[in-house]
Structures are given as structure tokens and as C-alpha cells.
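Inspection log for the structure reproduced underneath, given as C-alpha cells.
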Amino acid sequence: MEYVALKQFVADMIAPGSDSLAHVHGGMAVLLLARLITRRSLATPIPLACVIVMQALNECIDRYNHGSWRWPDTIGDTINTLFWPIVLFIGLRWRRQREQ
């Protein structure tokens, strides 16, 4: 199965008909998996960096498969993927600093 078809199949399983929602779920799943694998707090930059790297890799693969950048799609996917992981990171960092 080619990458684009596999990606669409997974997206339809996660959020039928909504590529944007699949990116939100995917970003959170990568964040939590990175947290479990690295055993680092979500207040450290390591799990967030994993989400950023995976999103960049995903968009590079999309660019390769489509033959060019599709900027509106790329920007929207990136915002949807990174928004909640960044919000969690900032909130947890802020809470950690207040507790000290």
C-alpha cells in the first residue's frame, strides 16, 4: 500500500472525513508516546520536539508524494498537529515555575 493511501486509511479510522481532526489526534498521540518512551515530563522539550520532528517528516513525505509544497494544506496540518502539544508544554512549564 502506498504511503498516501495508508495515511488516508489511518486518518479515516481516527476521524472519518476530517483530515484536520486526524492531525490533532496524531499530534497528541505522538506527544504521549514520546513521553512514555523517553520517560520525560511533558514540561520538558523532548516530547514536544518529537512531535515537531514527526510533523516535519510527515510534511516532507507529503511534499515528495505530491511533487510540490501545498502551502495552505501544510500550514493547516502543522497548526492542527502542534497546537495542543504546545499549549500543554507552555502550561506545564508555567505551572512548574510557579511551584518553585
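Accessible surface of the chain, 1.4 Å probe: 67 percent of it comes from carbon and sulfur atoms. 3J(HN,Hα) couplings calculated from phi for region 42-52 with the Karplus curve 6.51 cos²θ - 1.76 cosθ + 1.60 (θ = phi - 60°) are, in sequence order, 5, 7, 9, x, 4, x, 5, 4, 4, 5, 4 Hz; Gly and Pro show x.
Using the 1.4 Å probe convention, the accessible area of the chain works out to 69 Å² per residue with neighbouring protein chains retained. Under the criterion of Cα pairs below 8 Å and six or more residues apart, the relative contact order for the chain equals 33 percent. The trypsin sites (Lys or Arg not before Pro) found in the chain that occupy coil by DSSP, while having at most 13 further C-beta atoms within 10 Å, are Arg39.
If you run the Gaussian network model on the chain, springs between alpha carbon atoms under 10 Å, then out of Leu31, Leu48, Leu21 the most flexible one is Leu21. Loop-located GluC sites (Glu not before Pro) in the chain (DSSP state not H, G, I, E or B) with no more than 16 neighbouring Cβ atoms inside 10 Å: Glu2.
The values are calculated or read from the model by the stated rules, or taken from the named source; none is laboratory data. Everything numeric here is computed off the predicted structure, so don't read it as measured data. Using ideal geometry, Cβ is built from the backbone for each residue, glycine included, and neighbour counts are taken over all protein chains shown. When the accessible area is computed, the model is the full protein with side chains, heavy atoms only, and any ligands, DNA or RNA have been set aside. Shrake-Rupley method; radii C 1.70, N 1.55, O 1.52, S 1.80 Å.
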